[in-house]
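Step one of this worksheet: look at the structure below.
The values are calculated or read from the model by the stated rules, or taken from the named source; none is laboratory data. All figures in this text were calculated on a predicted structure; none of them were measured in a lab. Cβ placement follows ideal geometry from the backbone for every residue including glycine, while neighbour counts extend to all protein chains displayed. Note: accessible area is taken over every heavy atom of the protein model, side chains too, but ligands, DNA and RNA are not part of it. Shrake-Rupley method; radii C 1.70, N 1.55, O 1.52, S 1.80 Å.
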Amino acid sequence: MEHAMIQQVVEYPEEHEVGGAMKVEVAYDGVHHSAFRYKHKKRSKVWEEYKPIFLNGKVQFAECLYCHNRLSCKDSNGTSHLWRHQKICPGKPESAERRQKDSYFPYVSVNEHSPVSPIDPVNVIISETLDDIGSVIPSRFKSKVWKEFTPVYVEGKLQAADCIHCQKRLSANKFGGRSHLSRHLLTCPGRRGMVHNQQKIPFHPSSAPTLKSRVHDELSPALTNGKVQIAEYSSKLLKTSSSGETTPIIRPIQMVPTHQFPPASDGTCLKKQKTSFVNVSADMSARKFGQETSYQELAKMIILHAHPFSIVEHEEMRRFIKNLNPMVDEISHNDMEEHCTALFQKEKANLKDIVTLSSRRVSLSASIWTSDGPEPTVNYLCLTAHFIGDDWKVHRIIIKFGMFWSSPTNLERIIHCKEASVPDSESGSYNVMLDAIRDWNLDHKILSFTSVGDVRNNANTVKLKEMLIEKKCLPIRGSLYNIACLDDVLNSVVSQGQADILRLVGDAAMEFFVARASSPSSQQQLLEVISQMSLKCPLEDAKWWHKFYFRLEILLQFKKSFPSENLLNPEDMNVAESICKILRTFYRVIEVISCPSSVTANIYFNEVWKVRTVLQEEASNGLGEISRLVMEMQEAFHGYWQDSYLWLSIPVVLDPRFKISFIEFRLKRAFGTNSESYLTEIRATVRELFNEYCNPTDRPSAASNSAALDADDNDSLDDWDQHLNEQASCQISTELDDYLEDGLVPRKDDFDILNWWMNHTTKYPTLAAIAQDILAMPASAVQSEAAFSSSGPVIPRHYSTLSIKTIEALVCARDWMK
């Protein structure tokens with residue numbers, strides 16, 4: 001029987017010629033199915049629902065007996081896709097019931113030739129309540145993500161999911177995952193606004209944001225009085241299948257929210273809200289964290305690069321931020337100012353804890369800052385703290401930025417600038433510095449104070465020194481207080497001979513450069529010489545002598561590279577070499593002492609000695625005009641030496657490679673018998689400082705700092721304390737003597753003095769504490785870039801429109817972040 005059926009299949013083929021090849025298509029009835037299944041071992045019962053189609057003797061397609069759709073089916077393929085099609089086949093009688101289970105909303109089947117009428121299923125849906133709708137949700141749509149998405153069906157298949165918040169359509173199918181839908185909810189702009197306003201307008205799980213019709217094949221229903229109603233229909237709701245039949249398009253009913261219903265007093269809505277949005281709190285926490293982090297990073301960028309606060313309101317910046325992180329809300333310049341100030345306050349509190357809780361003393365330096373621009377009418381006082389921490393590293397931080405002086409006649413500035421309202425009680429060196437000392441608890445922690453000329457010569461600075469000495473806040477009677485800034489002194493010294501320098505060699509140098517620029521070949525020679533030099537080109541606003549020194553170096557280097565060139569006459573060349581030697585020494589010394597890496601104080605003596613040596617050599621070189629010029633410089637430098645030799649020598653004594661022997665060697669060769677007075681003063685000061693550190697009551701203490709400046713009562717037992725201190729000093733003074741008598745450490749290029757003292761803390765505990773404080777003293781109040789600038793350190797011009805507190809926050813925070 002089976003053989004006969006197989007024979008029948010072979011005997012009655014239908015032949016068609018396609019493209020020159022023979023195409024055989026065989027149609028089967030129910031009996032033929034059995035023969036087909038037996039011959040090809042297709043034993044699956046799914047073939048009872050399909051008609052196999054052969055191409056060139058092999059099964060290539062399977063045609064559904066109900067909807068006549070053709071599905072790919074080769075001998076090597078499985079039949080799972082055929083089963084899946086049968087579950088959603090629109091032609092089967094039970095397809096409507098099965099499709100209804102695929103959606104958690106009732107569906108509407110609409111045909112092109114069957115418009116909606118009162119007897120359509122839609123009218124049945126209108127009579128159902130929301131509770132009835134929720135009851136038909138199948139198990140596979142129980143994922144919480146579907147509470148915020150609307151499934152979209154095409155020809156009975158789940159093809160997409162529409163976000164109820166932003167109406168964005170994402171791909172989805174019955175067998176796919178839902179992780180991409182969850183990820184969309186984290187960044188959904190519509191949902192973010194809903195969560196942001198959730199505390200103000202309660203959200204009901206039975207409602208969703210308003211959805212407008214986006215494409216012509218969707219329904220746009222509305223929710224009114226708890227009932228689902230059809231708002232409008234599109235005219236294009238049909239699609240044509242490959243078999244030419246018209247298939248209804250199934251769409252779930254979409255709902256729009258009603259906001260006129262307040263939450264029930266019994267908490268029913270709150271329970272629904274909790275049930276529907278169990279992950280809202282987690283999302284809000286993630287959003288808050290991401291937004292705060294973004295604001296902090298933006299504040300750091302504004303601080304570090306000195307951008308105006310208004311940059312956050314630029315349309316381009318807002319668009320850029322939204323593209324990077326859609327969860328970040330727009331922010332105003334006032335809000336960003338608050339973020340920057342908060343960032344400053346947070347970091348300030350951390351630094352204050354470090355400085356206050358440390359037992360180490362702090363050295364201060366003061367410099368004058370101006371606003372960037374022509375003819376600044378405001379001067380700011382910048383106070384910087386220098387100290388060596390527990391890590392034995394030199395730290396340099398700005399602790400105060402206040403008003404030093406402002407012109408009272410600048411009406412425009414008074415109108416436009418908030419800082420103009422700073423009262424006199426909060427400006428000036430005395431008020432600014434005293435406020436910083438109290439704010440940072442530095443009453444008994446100040447070791448030294450270095451300042452530029454404008455601050456050092458100010459009467460208020462002297463007044464503050466007297467008050468600190470009276471309150472016994474300064475060591476060794478304030479001998480280390482009000483030290484002159486070395487780079488400021490050197491600039492003053494070279495300015496003494498500016499007129500003579502330009503007169504002697506200025507014209508000759510100018511003629512040389514004019515001649516070099518006259519032809520392309522000469523310019524090329526000049527550029528080749530400059531490329532061979534390792535000297536940095538001065539900035540446009542560099543000091544006059546820095547630019548002049550750079551030109552002299554080029555001139556001398558050109559002479560070495562092209563000795564046959566007749567540049568200057570021999571006399572002018574000798575003058576140029578002499579002046580260049582002096583300026584070269586000044587330049588290198590300022591580079592060293594103003595290094596941003598904060599060098600230790602033991603190197604300052606040798607750098608100052610280089611200046612003294614070069615001036616002495618050039619004063620006796622036999623050139624009459626140069627000698628007179630250098631003598632004027634020497635006179636100005638001598639005043640600095642007399643005021644500074646003491647504090648310059650103490651760090652050298654604490655250098656185990658030199659100690660007091662190096663000071664004796666230098667001073668005796670320089671001053672002969674007159675050196676004894678210098679040496680006696682140095683020895684006495686070192687021993688006095690050592691005795692003060694031996695007394696625990698004089699050591700810095702965080703507990704006694706807060707009220708030191710406000711205490712006016714004199715202690716009647718000071719003399720007894722002094723007696724005990726003297727006895728204690730005599731007992732442990734051998735530590736200083738042992739150190740001075742021990743042999744010198746060999747000089748090495750990689751010697752680290754801080755590391756040496758850290759390793760010898762146990763052997764010399766008191767001297768190690770002194771070294772940790774003394775070696776942090778600065779010789780310059782500004783860094784090298786500002787030291788060579790004609791305008792000095794400046795703040796951006798747009799800062800002047802801010803309050804002085806905001807300016808302080810920006811300047812300090814920028815310094816701490818570098």
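Here are some pairs, Lys393/Lys610; Lys352/Lys400; Lys346/Lys445; which of them have Cα atoms lying more than 20 Å apart in this structure? Pairs exceeding the cut-off: Lys393/Lys610; Lys346/Lys445.
Based on the alpha-carbon gyration tensor of the stretch 527-591 and its eigenvalue square roots a ≥ b ≥ c, which shape applies: rounded if a/c is under 1.5, prolate if not and a/b is larger than b/c, or oblate? Oblate, since a/c reaches 1.5 and b/c is not below a/b. Summarising the label geometry, the points placed 7 Å from Cα in the beta-carbon direction at Glu528 and Ser791 lie 3.8 nm from one another.
Loop-located chymotrypsin sites (Phe, Trp or Tyr not before Pro) in the stretch 462-562 (DSSP state other than H, G, I, E, B) with a sparse environment of at most 15 neighbouring Cβ atoms within 10 Å are absent. First select every other residue whose beta carbon is under 13 angstrom from the beta carbon of Lys547; then total the charges, Lys and Arg +1, Asp and Glu -1. Neighbourhood net charge equals 0. Judged by the gyration tensor of its Cα atoms, with axes a ≥ b ≥ c, the stretch 508-551 is oblate; a/c meets the 1.5 cut and b/c is at least as large as a/b. Taking a ≥ b ≥ c as the square roots of the eigenvalues of the Cα gyration tensor, the stretch 457-583 is prolate, since a/c reaches 1.5 or more and a/b is larger than b/c.
Need the full-extension length gain, Thr187 to Lys157, defined as separation in residues times 0.36 nm minus the C-alpha distance. One decimal, nm.
Between Thr187 and Lys157, full extension yields an extra 8.0 nm.
Looking at the stretch 522-642, the accessible area is 49 square angstrom per residue; that uses a 1.4 Å probe and ignores ligands, DNA and RNA. Summing Lys and Arg as +1 and Asp and Glu as -1 over all other residues whose Cβ lies under 14 Å from the Cβ of Cys485 gives a net charge of -4. For the stretch 801-818, backbone phi angles converted through the Karplus equation (6.51, -1.76, 1.60; θ = phi - 60°) give residue-by-residue couplings of 7, 9, 6, 5, 5, 5, 4, 4, 4, 5, 5, 5, 4, 5, 5, 6, 7, 5 Hz, Gly and Pro being listed as x. Computed in the context of the full set of protein chains, the accessible area of the stretch 565-654 at 1.4 Å probe radius has 46% of its extent on carbon or sulfur.
Among 160-166, 809-815, 675-681, how do they line up by average Cβ neighbours within 10 Å per residue, starting with the highest?
Output ranking for 160-166, 809-815, 675-681: 809-815, 160-166, 675-681.
Residues whose amide H falls under 5 Å from that of His307, counting only those 5 or more places apart or on a different chain, are absent, with hydrogens built in the peptide plane. The H on the amide N of Ala160, modeled in the peptide plane, is under 5 Å from the matching H of Val152, Ala172, each at least 5 residues off or on a different chain.
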